[in-house]
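Written below as C-alpha cells is the structure these notes are about.
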Amino acid sequence: HIVNAYVKPYAIFDEVMRKEYIDHSQILFEYAQAIEHGEIEVYYQPIVDTITQTVVAAEALVRWNHPEHGFIRPDIFVPVLEKHGHITQLDQYVLEMVSQKLLERSQKNQIIVPVAINLSWMDLYDEKMRYAILQKINHSSVLKKHLRFETTETAFNTMENLCKDYLDEIRKSGCKIVLDDFGSGYSSFSMIQNFRFDILKLDMGFIKKIELNLDTRSIVRAIIAMCHEMSIQVVAEGVETETEYEFLQVHGCDYIQGYYFARPMPEADFYQYLEEQKKSIKKRETYLHLFS
Ligand code: C2E
Ligand code: MG
Ligand code: MG
Ligand code: MG
C-alpha cells in the first residue's frame, strides 16, 4: 500500500542499534556533549489514518548516533537520564528541533502534520520545560495546532494534581494530550476518569496478542468503544502484521502506528514522504475528477 512504497533501507538502522551494555556513567558524561556535537537526532514515525491509510501525524523519537557505539536505543539512555535528572534537557532539545522544523516549513507553505513529543514524568515537574512549552504554543498558532504531548501513566501515578494542572494548562491552550502506552503498567480507570486527554495509545503488548488471544481482542474492542464514548481517539502502537491491522480497522481503531506501515525515519525522509503522499493524493483526485 501507499506508505510501504516509501520505506527505505535506513530502516535497518533500527535493527543494528547495538544492544551491548553501555556504562551509565559514560552516558551521563557524554550526553551533554552529544547534543552539542549533533549526535542526537530526532526521528519521525508516521501515524496513519486507519481507513484512508494516509499519514496524518507523527511521533518524534530520539536517536543517539554515538561515534563509538553506533545508534544507542532510547530504551537504554532515556531511563539513565531520567534516573539522574537529565531527561528534561534532552526533551527540551527535541521540542526545539521539532518546533523549528514545523515553523520553517509552515513559513514556506510546505506540508506539515501534528508531531507528538514524548514528555517524561520529570518534565512535568520542571518549570523551565513548562515555560518553554507554553511560550511556544501561546505565541504560535502553527505550533499550537501541530504540537502534541505524550505522557505515560507513570506520570499520573507519581504526581497527582501538580502534573494534572500542568497538562490541563497545555490542553486549555489548545494542544492535544496523548496518554501513551495504555495498558502496559497499572492502568486504572480512575485515572482515565480524573485526567482529561484527547488521544489514547494502546500499548504494543495488546497488539502483539490480538492474533492469538481471544480475551485480548475483547479488551481491545472494549477500550476502543469506551474511548469513543468519551470522545477520545485511539492509536494502536506496534502494528506489524496485516491481521493486526485488519482487526483494528474492523473494530474502529482511529489510527495505526507500527512497522507494518513505516518505521521511525530521519526528519528529511519523513517530510519527503509527506510530499510524495500529497502528490499522489492530488493525482488521484484529478484522476477521479476526470471520470466524475
Ligand atoms: P514510546 O513513546 O512508546 O514509543 C514507541 C516505541 O515503539 C518506539 O521505540 C518505536 O520505535 C517503537 N515501535 C513503533 N512501531 C513498532 C513496531 O511495529 N514494532 C516494534 N517492535 N516497535 C515499534 P523507540 O524509538 O525505541 O523508543 C522507546 C521509548 O523511549 C519510547 O516509547 C519513549 O518512552 C522513549 N523515548 C523515545 N524518544 C523520547 C524522547 O524524545 N523523550 C523521552 N522522554 N522519551 C523518549
Ligand atoms: Mg510515545
Ligand atoms: Mg508508546
Ligand atoms: Mg514507551
| How large is ³J(HN,Hα) for each residue in segment 58-67, as worked out from phi by the Karplus curve 6.51 cos²θ - 1.76 cosθ + 1.60 (θ = phi - 60°), to whole Hz, x for Gly and Pro? | 8, 10, 7, 10, 7, 10, 10, 8, 7, x
| Nonlocal amide H pairs with VAL234, under 5 Å, H built at 1.01 Å | LEU200, ASP254, TYR255
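For the chain, return all DSSP H helices satisfying: extent of Cα atoms along own axis at least 24 Å; mean Kyte-Doolittle hydropathy at least 1.0.
Details: long enough: 87-107 (30 Å, -0.31); 267-290 (35 Å, -1.36).
Long hydrophobic helices here: none detected.
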| said: Taking the Cα of HIS24, stepping 7 Å toward and past its beta carbon, and measuring to each backbone N in segment 63-92: which are under 11 Å? | reply: 79-85
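When DSSP beta bridges are limited to those with both residues in the chain, what percentage is antiparallel, rounded to the nearest 5? List each step's numbers first, then the result.
Values: 16 of 37 bridges.
Among the beta bridges of the chain, antiparallel pairing accounts for roughly 45 percent.
Among the listed pairs LYS164/LYS209; LYS136/LYS164; LYS101/LYS282; LYS108/LYS201, give every one whose C-alpha distance is greater than 29 Å. The partial results should precede the final answer.
Working: LYS164/LYS209 32 Å; LYS136/LYS164 20 Å; LYS101/LYS282 24 Å; LYS108/LYS201 32 Å.
In this structure, LYS164/LYS209; LYS108/LYS201 exceed 29 Å between Cα atoms.
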| message | So if each residue of separation counts as 0.36 nm, and I subtract the Cα-Cα distance between MET191 and HIS69, what length gain in nm does that give? | response | 40.0 nm
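Give me the orientation-averaged projected area of the Cα convex hull of segment 176-230, in nm², one decimal. Before the final figure, lay out each step's value.
Details: hull surface 15.1 nm².
Computed as one quarter of the Cα hull surface, the answer is 3.8 nm².
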| Using modelled amide H (1.01 Å from N, peptide plane; none on Pro or chain starts), what sits under 5 Å from the amide H of ALA116, excluding residues fewer than 5 places away? | ALA58, GLU59, ALA60, ARG148
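Gain in length, ILE281 to LEU162, computed as 0.36 nm per residue apart minus the alpha-carbon separation, to one decimal in nm? Write down the numbers at each step before the final one.
On the way: separation 119, 0.36 × 119 = 42.84 nm, distance 4.42 nm.
Using 0.36 nm per residue and subtracting the Cα-Cα distance, I get 38.4 nm.
Taking a cut-off of 23 Å, what percent of all Cα-Cα pairs in the chain are separated by more than that? Numbers along the way, then the final one.
On the way: 24599 of 42486 pairs.
Looking at the chain, the distances longer than 23 Å represent 58 percent of pairs.
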| message | Just want the ordering: THR54, THR88, from fewest to most Cβ atoms lying within 10 Å of their own Cβ. | response | THR54, THR88
| remark: For segment 37-52, Karplus-derived ³J(HN,Hα) couplings (6.51, -1.76, 1.60; θ = phi - 60°; whole Hz; x for glycine and proline) come out as 7, x, 7, 8, 10, 9, 9, 10, 10, x, 10, 10, 5, 4, 7, 7
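With n ≥ 4 as the cut-off for DSSP H runs, can you work out [θ] at 222 nm for the chain, using -39500 (n - 2.57) per run divided by the number of residues, rounded to the nearest 500? Each step should come with its number before you reach the end.
Values: 13 runs with 148 residues, N = 292.
Mean residue ellipticity at 222 nm (helix-derived): -15500 deg cm²/dmol.
Counting pairs of Cα atoms in segment 192-292, how many percent are more than 21 Å apart? If you can, show how the numbers build up before the last one.
Working: 2483 of 5050 pairs.
Above the 21 Å cut-off, segment 192-292 has 49 percent of its Cα pairs.
Can you give the convex hull volume per residue for the Cα atoms of segment 95-178, as a whole number of Å³? Walk me through the numbers before you get to the answer.
Details: hull volume 6.3 nm³, N = 84.
Cα convex hull per residue, to the nearest whole number: 75 Å³.
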| Which of the GluC sites (Glu not before Pro) found in segment 184-244 are loop residues per DSSP with 16 or fewer other Cβ atoms within 10 Å of their Cβ? | GLU211, GLU240
| query | Considering only VAL80, PHE149, GLY183, whose Cα is most displaced toward the positive end of the charge dipole of segment 57-197, charges sitting on Cβ of Lys, Arg (+1) and Asp, Glu (-1)? | reply | PHE149
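Can you give me the relative contact order of the chain as a percent, contacts being Cα pairs under 8 Å and 6 or more apart?
Value for the chain: 19 percent.
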| request: Report the residue, chosen from LYS172, LYS144, LYS209, that carries the largest GNM mean-square fluctuation when the chain is represented by alpha-carbon nodes joined by springs under 10 Å. | output: LYS172
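Read the figures in this text as sums done on the coordinates, not as results from a lab. In this text, all values refer to a predicted model and were calculated from it rather than measured experimentally. Heads up, the Cβs are rebuilt from the backbone with ideal geometry, glycines too, and the neighbour counts pull from every protein chain shown.
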